[in-house]
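Right, one structure below, let's go through it.
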Amino acid sequence: MRIFSGNANRPLAEAIAAAVGCKLGELMVGRFPDGEVKCQIMEDVRGADVFIVQPTTSNDFLMELLVIADCMRRASAKRITAVIPYFGYARQDRKHEGRVPITAKLVANLITTAGIDRVLTVDLHAEQLQGFFDIPVDHLSARPVLIDYLRSLKLNDPVVASPDTGSIKLAEKIAKAVGARLAIIHKRRLSDTATEVANVIGEIGPRPCIICDDMVTTAGSMTNAIKTARQFGAIRVIPVTTHGVLCGDAFDRLSEVKLDEMVITDTIPLKRRFADLPIRVLTVANLLGEAMKRIHTNQSVSALFSDAKKA
C-alpha cells in the first residue's frame, strides 16, 4: 500500500499516512515555466496498490490528479485509487436550464480515462454522482466525525436547522443523533451567489441552534441562516459543514455575522485569512485511513457506511 499526495492538501495526506501507519510516498509535482503540470515519482511503484490524495478544489488540482494518475499507470502501478475528499464540479450535475453542460459527468470521465481504478470520496453534493463513474466509488460520510464533536459540547436542548430544503435529510440525521428537535429555514435563491430567506418551519426559540450543510462556499446561505436563527431566538448558533470551500465574499460575510463558532473538516485546507475567525477544523484522516486499509485488504467498506447511518 502506497500513499501519495498532490499539492491540494498535503497536511491531510500526511495525517492519513500516519493513521494508516505508513510513510507518504515521494512524488514531485510542480510546474513548467509555461504553467503546465510536471510530475515524477521518486520511488518504485511497480505492482503497488497506490492511493493518491487530492481534493479537486481548483482546475489546477484536478489537472494534477489526472497527471499523477497517468504517471502512476505508466510506472506500472497495479491499482490506482483516487482519494478525493472534496469532489469539485459536483454541483454541475444536471441541466438546470438550456444550453449548459453536465460538468460533473465530464470530470468523472476524465478521471476514468486517466487510468484511475477506484474513487474514494467524502460527502458528495448529490449521492447520485456515484452513478456518473464507470469505476467503483466508495462514498463516505463525515457525519460521525461531526456528531462526535457536537455530542462533546453537551448542549442543553439544542435544535438542528437546515439552511435550505436540500439539507433536510442531513439535518434530520444529525438531530436524531444528538437528540435535538428539527427546524427548516426555507430560502429562495436569487442568483448563484445570493439567496433570500423566505420562512422558518418548526421552532427555534431560546436554545442552541446547529445549522447543517454539506458545504459552505460563498457563505450567503449560511450567514442568512445564522441571522434568521438569531432572529427567531437562538442563544448560540453553530454552523456545521463538511467542506469549507469558503471563497468569494465568504470572509466578509462570516466576519460581519460575528460567528459564535463554526465547525468544518479538513477535506479542504482552511485558507490563512480565516484563521482569526472562530472556526474549528475536525480531521477526517482516521475515517479515510480506515477506508483505505479496507480497500487495500479487499475488505468491506460498507461497515463504515453502517456506522455513519447509526451516528
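The values are calculated or read from the model by the stated rules, or taken from the named source; none is laboratory data. Just so it is clear, the structure is predicted and the values come from calculations on it, not from any experiment. Methodologically, a virtual Cβ is constructed for each residue, glycine included, from the backbone with ideal geometry; neighbour enumeration extends over all protein chains shown.
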For residue 212, all conditions in the list (1) modelled with pLDDT of 95 or more; (2) assigned to a helix (DSSP H, G or I); (3) buried (at least 16 other Cβ atoms within 10 Å of the Cβ) hold save one; what is the number of the exception?
-> (2)
What pairs can you find where one residue is in segment 205-228 and without any contact (Cβ under 8 Å) to a residue 24 or more places away in the chain and assigned by TED's automatic domain parsing to the domain that holds residue 184, the other is surrounded by 23 or more Cβ atoms within 10 Å (Cβ to Cβ) and not in a loop (DSSP other than H, G, I, E, B), and their Cβ atoms are less than 8 Å apart, with a gap of 6+ or different chains?
-> none
Could you list, in sequence order, all residues of segment 1-57 that are assigned to a loop (DSSP other than H, G, I, E, B) and within 20 Å of residue 117 (Cα to Cα)?
-> 1, 6, 25, 44, 45, 46, 47, 48, 54, 55, 56
With respect to residue 130, is the statement that it is in the same structural domain as residue 27 (by TED's automatic domain parsing), in a loop (DSSP other than H, G, I, E, B) and surrounded by 14 or more Cβ atoms within 10 Å (Cβ to Cβ) true?
-> no
Tally time: how many residues in segment 247-281 are buried (at least 16 other Cβ atoms within 10 Å of the Cβ), in contact (Cβ under 8 Å) with a residue 60 or more places away in the chain and part of a strand (DSSP E or B)?
-> 2
Just one of the numbered conditions (1) within 21 Å of residue 270 (Cα to Cα); (2) in a loop (DSSP other than H, G, I, E, B) is not true of residue 94; which one?
-> (1)
Is there a residue being surrounded by fewer than 17 Cβ atoms within 10 Å (Cβ to Cβ) and hydrophobic (A, V, I, L, M, F, W, C) anywhere in segment 231-244?
-> yes
Conditions (1) at pLDDT 95 or above; (2) more than 29 Å from residue 156 (Cα to Cα); (3) touching an Asp or Glu at 6+ places or on another chain (Cβ under 7 Å); number of the one not met by residue 241 = (2)
When residue 235 is evaluated against the numbered criteria (1) more than 30 Å from residue 82 (Cα to Cα); (2) at pLDDT below 95; (3) not hydroxyl-bearing (Ser, Thr, Tyr), which criterion, by number, is the only one it fails?
-> (2)
Only one of these conditions is not met by residue 41: (1) surrounded by 17 or more Cβ atoms within 10 Å (Cβ to Cβ); (2) within 17 Å of residue 292 (Cβ to Cβ). Which number is it?
-> (2)
Please state which one of 101, 33, 11, 85 is touching a His at 6+ places or on another chain (Cβ under 9 Å) and of a type outside the set (A, V, I, L, M, F, W, C).
-> 85
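Please go through segment 98-127 and pick out each residue that is part of a strand (DSSP E or B) and either aliphatic (A, V, I, L, M) or touching a residue at least 40 places away in the same chain (Cβ under 8 Å) (or both).
118, 119, 120, 122
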Please state which of the following conditions residue 69 fails to meet, knowing it meets all the rest: (1) of a type in the set (A, V, I, L, M, F, W, C); (2) touching a residue at least 60 places away in the same chain (Cβ under 8 Å); (3) under 20 Å from residue 139 (Cβ atoms).
-> (2)
Of the residues 81, 103, 165, which is of a type outside the set (Gly, Ala, Ser), modelled with pLDDT of 95 or more and surrounded by fewer than 22 Cβ atoms within 10 Å (Cβ to Cβ)?
-> 103
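Just give me the residues in segment 133-147 being part of a loop (DSSP other than H, G, I, E, B), under 12 Å from the mean Cα position of the chain (by Cα) and not hydroxyl-bearing (Ser, Thr, Tyr), in sequence order. Working first, answer last.
Residues of segment 133-147 that are part of a loop (DSSP other than H, G, I, E, B), as a first pass: 133-136, 141-142.
Restricting the remaining residues to those that are under 12 Å from the mean Cα position of the chain (by Cα) gives 141-142.
The answer is 142, and nothing else.
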